[in-house]
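Following: one structure in structure tokens, then a few remarks.
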Amino acid sequence: MVQEKMDRISELTRISRERELTEAEKTERQALREEYLAEWRRGTIETLESLRIEREDGTIVPLPKKKK
């Protein structure tokens with residue numbers, strides 16, 4: 001996420017502590033938060049998918065996916 005967007009989330013949070021946000025500001029903050037979380041999840045999943053486990057016998061295998 002671009003630093004400017006993260007700064008805007010922080011700015012809106014700061015404003016919300018001082019006064020009630022307008023509906024447009026609330027909508028903007030929610031959209032930015034959702035975008036941030038989606039990007040965070042994507043990065044976390046990529047990290048987990050790239051992990052490899054070395055077994056005692058020396059073989060290296062990918063981290064097994066969690067069953068739903």
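None of the figures in this text is laboratory data; all of them are computed from the coordinates on show. The structure displayed is predicted, hence computed values, not measured ones. When we count neighbours, we look across all protein chains shown, and the Cβ atoms used for this are built from the backbone with ideal geometry, even at glycine.
Listed by chain and number, the lysines whose alpha-carbon sits under 27 Å from that of Lys5, ignoring those within fewer than 8 places in the same chain, are Lys26. Structure remark: mean-square fluctuation, Gaussian network model of the chain, C-alpha springs under 10 Å; the largest value among Thr22, Thr13, Thr44 belongs to Thr22. Applying 1/(1 + (r/R0)^6) with r as the Cβ-Cβ distance of Lys26 and Leu48 and R0 = 30 angstrom yields a FRET efficiency of 0.40.
From the coordinates of this entry, Rg and Dmax of the Cα atoms in Å is computed, and it appears in (1) 13.0, 42; (2) 19.3, 61; (3) 10.6, 33 under the label (2).
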